[in-house]
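The values are calculated or read from the model by the stated rules, or taken from the named source; none is laboratory data. Since this is a predicted model, take the numbers as computed values, not measurements. Methodologically, a virtual Cβ is constructed for each residue, glycine included, from the backbone with ideal geometry; neighbour enumeration extends over all protein chains shown.
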Amino acid sequence: MLLGLKGSLNECELDLLHQRSVEARREKARRAQKQFDTADPENWLVADELERRWNQSLQRVREIETRIQQHRDREGTPIAPTRSSVANWAMPTRA
């Protein structure tokens, strides 16, 4: 999804978006794990579904991390953004 934005973003911005995407997916996986951990073991149907969701979330994290690594291998690792470049991202543009 994010890899298609390359034409409109510089590499630092794209890398930041990738990092945020991975963190969001990791958080979703942590929530899924927490739901699974609190499930009543006697209600195995619910526990089975929660485990499936947790595994699905973990798989999605792995897929995103793999795609990011493939992108970095192709494009090279971007230089870390500077304070001024981050401030410029937040500045509104004039039409």
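For first residues located in the range 3-25 and in a helix (DSSP H, G or I), partners that are at pLDDT 75 or above and β-branched (Val, Ile, Thr) and lie 6+ apart or on another chain with Cβ distances below 7 Å form the pairs 18/68; 21/64; 22/61; 22/64; 22/68; 25/61; 25/64.
Residues that are part of a helix (DSSP H, G or I), surrounded by 17 or more Cβ atoms within 10 Å (Cβ to Cβ) and in contact with a Leu (Cβ under 6 Å, 6 or more places away or on another chain) occur in the range 26-33; there is at least one.
In the range 1-18, how many residues are within 13 Å of residue 63 (Cα to Cα) and modelled with pLDDT of 75 or more? Residues flagged as within 13 Å of residue 63 (Cα to Cα) and modelled with pLDDT of 75 or more within the range 1-18 amount to 1.
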